[in-house]
């Protein structure tokens with residue numbers, strides 16, 4: 001008995017010393033565990049929901065490191081990423097709820113390299129092209145939603161469109177399946193058109209479509225209320241190399257701004273929960289927004305090197 005007591009006391013002291021942190025989210029039956037929560041996130045992180053691991057990875061001094069895997073509520077792998085000192089590094093693999101590939105690409109310490117392919121949920125190629133150290137090269141192609149007919153082709157070596165017939169993809173009221181929960185949400189899609197000299201491949205409407213496809217709705221946010229805004233400052237070089245800085249934003253958005261919107265409704269108000277999401281949950285969500293931006297297809301430089309975008313990431317908030 002004495003030996004058991006001292007073993008328990010030793011483990012308790014070790015937990016306190018290392019700053020181990022556990023959050024039980026009763027409203028979604030999830031649990032977040034991190035070895036050290038402050039002053040910086042450190043050690044192994046794991047999220048479980050209904051006893052199923054839904055995300056796991058490593059933090060080192062506040063930065064993601066090594067393999068980061070995300071699983072949905074059924075235990076299916078939906079994201080496999082790798083980090084090196086906070087920078088995406090190595091192969092990227094995203095999957096649809098039906099386990100078909102969604103995105104396959106590669107990073108070298110934050111820079112996109114090699115061939116990148118984005119697929120439809122039927123396994124057809126939606127977007128395809130190559131990068132050389134974050135610089136898009138050769139011909140990039142966007143196909144229609146069936147993955148059959150090219151609607152946009154841009155030759156980055158010659159800096160010119162070969163085909164430029166972008167078509168609307170998402171419409172207001174569309175039902176879209178969320179990979180994280182395998183449930184469906186209603187998309188709210190404002191009919192707003194944006195333009196600037198330098199633009200994303202396929203224009204802003206296509207970039208917004210891709211952002212919606214790449215942004216997650218983690219299980220712990222499903223059927224809750226949330227409204228987060230971000231300011232994304234892009235630098236587009238003359239060789240079309242695009243880099244960005246992204247941060248939460250609470251100020252006044254200027255007139256004539258450029259926006260990406262992720263506005264969704266998961267269920268009627270009677271099924272929603274008002275939750276005060278923790279600092280750890282928000283840090284993890286901020287990281288996922290940056291991941292989505294990092295995975296977007298390339299930009300096209302046309303005289304304008306500095307562009308600010310404002311993101312509205314809204315789950316059920318002010319949508320009634």
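Just so you know, all these numbers are worked out from the coordinates, no wet-lab data involved. A quick note: this is a predicted structure, and the numbers were derived from the prediction, not measured. Note: ideal-geometry Cβ built from the backbone for every residue, glycine included; neighbour counts use all protein chains shown.
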> So which residue, out of 67, 84, 255, gets the largest mean-square fluctuation from a GNM of the chain using Cα contacts under 10 Å as springs?
Replying inline: 255
> By how many nm would the segment from residue 177 to residue 38 lengthen if fully extended, with 0.36 nm per residue of separation less the alpha-carbon distance?
Replying inline: 46.5 nm
> How far apart, in nm, are the 7 Å Cα→Cβ label points at residue 273 and residue 98?
Replying inline: 3.1
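How much of the DSSP bridge set in the chain is antiparallel, in percent, rounded to the nearest 5? Don't skip to the end; give the middle numbers.
Details: 88 of 97 bridges.
For the chain, the DSSP antiparallel bridge percentage is about 90.
Express in nm, to one decimal, how much length is gained between residue 170 and residue 303 on full extension, taking 0.36 nm for each residue of separation and deducting their alpha carbon distance.
Details: separation 133, 0.36 × 133 = 47.88 nm, distance 2.92 nm.
Here the segment from residue 170 to residue 303 would lengthen by 45.0 nm.
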> Of 254, 200, 218, which has the largest mean-square fluctuation in a 10 Å C-alpha GNM of the chain?
Replying inline: 254
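Let's test the formula: R0 of 25 Å, r as the Cβ-Cβ distance of residue 193 and residue 161. What FRET efficiency results, to the nearest 0.05? Each step should come with its number before you reach the end.
Values: r = 18 Å, r/R0 = 0.74.
Efficiency, rounded to the nearest 0.05: 0.85.
Helix-only estimate, please: 222 nm mean residue ellipticity of the chain, summing -39500 (n - 2.57) across DSSP H runs of length 4 or more and dividing by its residues, to the nearest 500. Working shown, then result.
Details: 3 runs with 45 residues, N = 320.
Calculated mean residue ellipticity at 222 nm is -4500 deg cm²/dmol.
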> (i) 54; (ii) 60; (iii) 65: which one is percent of Cα pairs over 23 Å apart as calculated from this entry?
Replying inline: (ii)
> Which of 93, 55, 252 moves most in a GNM of the chain, Cα contacts under 10 Å?
Replying inline: 252
